[in-house]
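As structure tokens, the structure follows; a few thoughts come after it.
The values are calculated or read from the model by the stated rules, or taken from the named source; none is laboratory data. All figures in this text were calculated on a predicted structure; none of them were measured in a lab. All Cβ positions, even for glycine, are placed from backbone atoms using ideal geometry, and neighbour counts span all protein chains on display. The protein model used for the area step is the full one, side chains on, heavy atoms only, and it has no ligands, DNA or RNA in it. Shrake-Rupley method; radii C 1.70, N 1.55, O 1.52, S 1.80 Å.
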Amino acid sequence: HARSFIFCNNDRPLYFLSSGYLMRRNLDQRVEVAFPVFDESIQQEIREIIALQLNDNTKARIINEAQNNTYRQDGRATRIRAQVDVYNFLREA
């Protein structure tokens, strides 16, 4: 559950980390905190992690109005699993 956000802001990205992810129960029934990230090296790390997550073709799901949440399969020969890849990325950092 992502707790990092990048808002495009007219080609001047804004980076945020938060204590909770965007779900109704977190926004309506809890107190959550989001804060900006100004350090460029941390911003780069956030970009790399989000890129890994967006490329997942093994465990990622497509969420639609029917909420049948099918797995995203894009036909690439190389399987990308974000959880494992993010773990390895952080372990090597």
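If you plug each phi of segment 20-29 into the Karplus form 6.51 cos²θ - 1.76 cosθ + 1.60 with θ = phi - 60°, what whole-Hz ³J(HN,Hα) values come out, in order, with x for Gly and Pro?
With coefficients 6.51, -1.76 and 1.60, one gets x, 9, 7, 10, 3, 5, 6, 8, 9, 10 Hz.
Per-residue HN-Hα couplings for segment 78-93, Karplus 6.51 cos²θ - 1.76 cosθ + 1.60 at θ = phi - 60°, whole Hz, x for Gly and Pro?
Those phi angles translate into 7, 8, 10, 10, 4, 4, 5, 5, 5, 4, 5, 4, 5, 5, 7, 6 Hz.
On the protein heavy atoms, probe 1.4 angstrom, tell me the percent of accessible surface of the chain carried by carbon and sulfur.
The nonpolar share, carbon plus sulfur, comes to 52 percent.
How much area per residue is accessible in the chain when the probe is 1.4 Å and only protein heavy atoms are counted (Å²)?
So the chain comes to 82 Å² accessible per residue, rounded to a whole number.
Could you pull the Rg and Dmax for the chain, using just the Cα atoms, both in Å?
15.2, 43
For an R0 of 30 angstrom, estimate the FRET efficiency from the Cβ-Cβ distance between Asp11 and Thr70 and round to the nearest 0.05.
In this case the efficiency is close to 0.35.
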